[in-house]
Amino acid sequence: MNAFFFGIYPYIALAIFFLGSLVRFEREQYTWKTDSSQLLHRGNLRLGSNLFHIGIISLFFTHLVGLLTPKEVYHAFGLTTEAKQLMAIVGGTLLGIMCFIGMLILIHRRLSNERIAAVTKPMDKFLYLWLFATLCLGLISIVFSLDHLDGHVMVLLGMWAQKIVTLQGSDAAVIITGVPTIYKIHMFMGMTLFVLFPFTRLVHVWSGFGAVTYLSRAWQLVRTR
Ligand code: HEM
């Protein structure tokens, strides 16, 4: 189980994420959108969407930096493992709660408004459920982290991620054996978000990050006839 889910599945998920996104972009560009519901009903969209997006995008980047920075690097900057774990607990709790409240508002808005409920596809519901469950498991795992404030589980999780991105899947699977199950379930749910990505509205995340290129794009040339 460990060898498959934590040594092989990450690569399956990443392959589906990259190739699936490419195929969807190539073949179904008209479906590549956020599926905004703003025109149907505004309600609490601004509040819910902002809380959710600020929370989830920050969580994404803090997971990325937190997991992929080798401990030698942050130690060199004078940050101890214990202090980093405390930062992760406090930051993760605040961002997680922000995202949680945002999601509750978005889900309530989506299900309670007739017009939005009518355009909500089964896949949307599944995605909301999966995102919400992953988030809740992440928040629950913080309670477990309070039991081991020396940060050793956080170090193992970081080593696992670093082995995965450096293509050492079998070593990664060995490292993960010492990690409690609650984290493993959260990791499986998180990795599966990459699998769901090309088949849902999540493809808009590519465009969200892609929009940054506007900052350096060439001027538009407007010529008179
Ligand atoms: C990269 C930056 C991102 C941008 C610019 C962006 C932008 C948007 C926009 C414009 C909407 C439509 C809101 C509306 O008018 O109805 C939306 C909806 C949504 N986004 Fe994002 N997004 C980003 C990242 C993410 C991420 C990382 C996730 C989750 C992993 C996500 C999940 C969602 C979901 C689930 C909705 C539907 C909300 C609803 O209508 O109930 N987005 N996003």
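The values are calculated or read from the model by the stated rules, or taken from the named source; none is laboratory data. This is a predicted model, so every value here is computed, not measured. Positions of Cβ are generated from backbone atoms using ideal geometry, with glycine treated the same way; all protein chains shown enter the neighbour counts. The accessibility values were calculated without ligands, DNA or RNA, using every heavy atom of the protein model including side chains. Shrake-Rupley method; radii C 1.70, N 1.55, O 1.52, S 1.80 Å.
So the values come out like this:
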| read-out | value |
| --- | --- |
| Residue 220 open to solvent by 30 Å² or more (accessible area, probe 1.4 Å) and under 30 Å from residue 27 (Cβ atoms) | yes |
| Residue 188 away from the ligand (no atom under 14 Å from the Cβ), within 30 Å of residue 136 (Cα to Cα) and at pLDDT 95 or above | yes |
| Some residue of the range 199-210 being under 12 Å from residue 10 (Cβ atoms), within 16 Å of the ligand (Cβ to nearest atom) and touching a residue at least 24 places away in the same chain (Cβ under 8 Å) | no |
| Within the range 46-57, tally of residues that are within 13 Å of the chain's Cα centre (by Cα) and buried (at least 17 other Cβ atoms within 10 Å of the Cβ) | 3 |
| Selection status of residue 179, of a type outside the set (Lys, Arg), part of a helix (DSSP H, G or I) and closer than 26 Å to residue 133 by Cα | no |
| Selection status of residue 155, more than 16 Å from the ligand (Cβ to nearest atom), farther than 23 Å from residue 195 by Cα, out of contact with any Phe, Trp or Tyr (no Cβ under 9 Å at 6 or more places or on another chain) and modelled with pLDDT of 95 or more | yes |
| Among the candidates 43, 7, residue that is surrounded by 12 or more Cβ atoms within 10 Å (Cβ to Cβ) and outside any helix (DSSP H, G or I) | 43 |
| First in the range 107-128 and farther than 13 Å from residue 36 by Cα, second anywhere and surrounded by 11 or more Cβ atoms within 10 Å (Cβ to Cβ) and of a type in the set (Ser, Thr, Tyr), Cβ under 7 Å, 6 or more apart | 107/128; 123/200; 127/200 |
| Selected residue (only one of 120, 166, 177 is open to solvent by less than 40 Å² (accessible area, probe 1.4 Å) and among the β-branched types (Val, Ile, Thr)) | 120 |
| Residue selected from the range 10-40 under the condition hydroxyl-bearing (Ser, Thr, Tyr) and farther than 14 Å from residue 192 by Cβ, by the criterion most open to solvent (accessible area, probe 1.4 Å) | 30 |
